[in-house]
1. Taking amide H atoms as placed 1.01 Å from N in the peptide plane, list the residues 5 or more away in sequence, or in a different chain, whose amide H sits under 5 Å from that of A:VAL203.
2. Pull up all non-local amide H partners of B:PHE85: gap of 5 or more, or a different chain, and H-to-H distance under 5 Å with H placed in the peptide plane.
3. Among DSSP beta bridges lying fully in the protein assembly as shown, give the percent that are antiparallel, nearest 5.
4. Sticking with the crude label model, points 7 Å out along Cα→Cβ, report the distance from B:LEU183 to B:ASP72 in nm, one decimal please.
5. In chain B, what % of DSSP beta bridges are antiparallel (nearest 5)?
6. Where does the protein assembly as shown land at 222 nm, in deg cm²/dmol rounded to the nearest 500, when only DSSP H runs of n ≥ 4 count, each adding -39500 (n - 2.57), divided by all residues?
7. Can you give the mean number of other chain Cβ atoms that lie within 10 Å of the Cβ atoms in peptide A:157-163?
8. Closest to the A-onto-B rotation axis, which residue of chain A has its Cβ, and how many Å off the axis is it?
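Every read-out reported here was derived from the displayed coordinates using simple, explicitly stated rules and does not represent laboratory data. This structure is a prediction, so every number in the text was calculated from the model and none was measured. All Cβ positions, glycine included, derive from the backbone under ideal geometry; neighbour counts span all protein chains shown.
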2 protein chains.
Amino acid sequence: MKAILASTSTLHGQAYLEYILPELKTHFQNCDFVLFIPYARPGGITHEDYTETARQAFSKIDIQVKGLHEFDDHAEAVREAPAIFTGGGNTFLLVSELYRNKVMPVLQESVRNGTPYLGTSAGSNIGGLSMQTTNDMPIIYPPSFKTLGLVPFNINPHYLDPDPNSRHKGETRETRIKEFHTLNSQPVVGLREGSWLEITDRVMLKGKLDARIFEKDQDAYEVQTGTDLTNLN
Amino acid sequence: MKAILASTSTLHGQAYLEYILPELKTHFQNCDFVLFIPYARPGGITHEDYTETARQAFSKIDIQVKGLHEFDDHAEAVREAPAIFTGGGNTFLLVSELYRNKVMPVLQESVRNGTPYLGTSAGSNIGGLSMQTTNDMPIIYPPSFKTLGLVPFNINPHYLDPDPNSRHKGETRETRIKEFHTLNSQPVVGLREGSWLEITDRVMLKGKLDARIFEKDQDAYEVQTGTDLTNLN
């Protein structure tokens, strides 16, 4: 495989994908174009507008982008694509659309067979075994929570540390993931903004930050960037 | 109807239900006992432990509590209960269990027919038309997102205002609710911690705080405590 699963598309004060463009230039080199999956539609924007955002970012590294909505047969377009990028937004909507358009199994097969892939936020959440550690609101009912399983664990993008000064009684992110483990057994990787997973024959933590690992019935722990997470399952 | 839907069970620095006990003393007066629905299991605690928490709080106002798990037939227990309290925790788990035990339709009928009801957090989220404005993680796949519809809108408990100093790129609560409105039309009431809805022949906002109202294709707006929300639909 050749996949990058990134916590976020955008760092505070930066342009879309700016922090990871040097990485993407290598990742997608020699690809005729990148097929963009705009299904997650952040803020409900159109597929056209969302694809334009991706196109502008990739133009800085001279890579062409085509939107999946431009094709009649979405499954066929994914099967034939030289490279694929799934953008963030709402994971429930993304997963619903991947199933509705019969793209989910084709996308899984393509990426497993080596088509270079990038996911950010919701687009990296679906790289896990299930979407059940998303932070998103369930704005639509998907036919299943199962996702691509490019890694043998689940991903929590935009991982957020607890605020020690908070007086709010809503659950912290860590509490939510512990709740997940009362019913599910796979590990969860909390990816802070600026971190990503690089998947080849190994799964490596990349970026400047540590990640937080949650395993069922264990205390959560930190791993440094560069850690090999291949055997986390 | 005679229902209270509260944003939270607990305010910062207070005991469980402490802030709302005076209200509950009146709400549940002359009830032989309150049937507690512990399905949402915050932090994965046992049904016994969770019911004990509720029992201790209600003992301060001399009201008995029985846990739904103590009964063989859960639907029958709900049908016969003189009063009902659904505690918070994970809404996906709560809704899954309400359907699995065939309690959802019976609970709806009982409350609509006048059985005094209290919900906190997840237990008030299910008072809305659907659970789709929950903040919780989808740790289990429920058979449906539809809920009790005691009010003609959706509820977002633990409503949290955006932090103007945040550098985090995850969606704010307001952004998430706007995403909900790209696919759904019912209004959403953002209930801050310490607020509740009192449902009789009217739906009134109670507590010390304002609530935030979201209607599709409109700017969000604030309503003061004491506002009649009966016609928000």
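1. For A:VAL203, the qualifying residues are A:LEU229, A:THR230.
2. Answer set, sorted by chain and number: B:LEU35, B:PHE36, B:ILE37, B:LEU118.
3. If I count the DSSP bridges inside the protein assembly as shown, around 50 percent turn out antiparallel.
4. Label-label distance for B:LEU183 and B:ASP72, simple model: 4.2 nm.
5. Details: 16 of 33 bridges.
Roughly 50 percent of the beta bridges in chain B run antiparallel, per DSSP.
6. -7500 deg cm²/dmol
7. Per-residue shielding by partner chains comes out at 2.
8. Axis relating chain A to chain B; nearest Cβ residue and distance: A:PRO138, 3.
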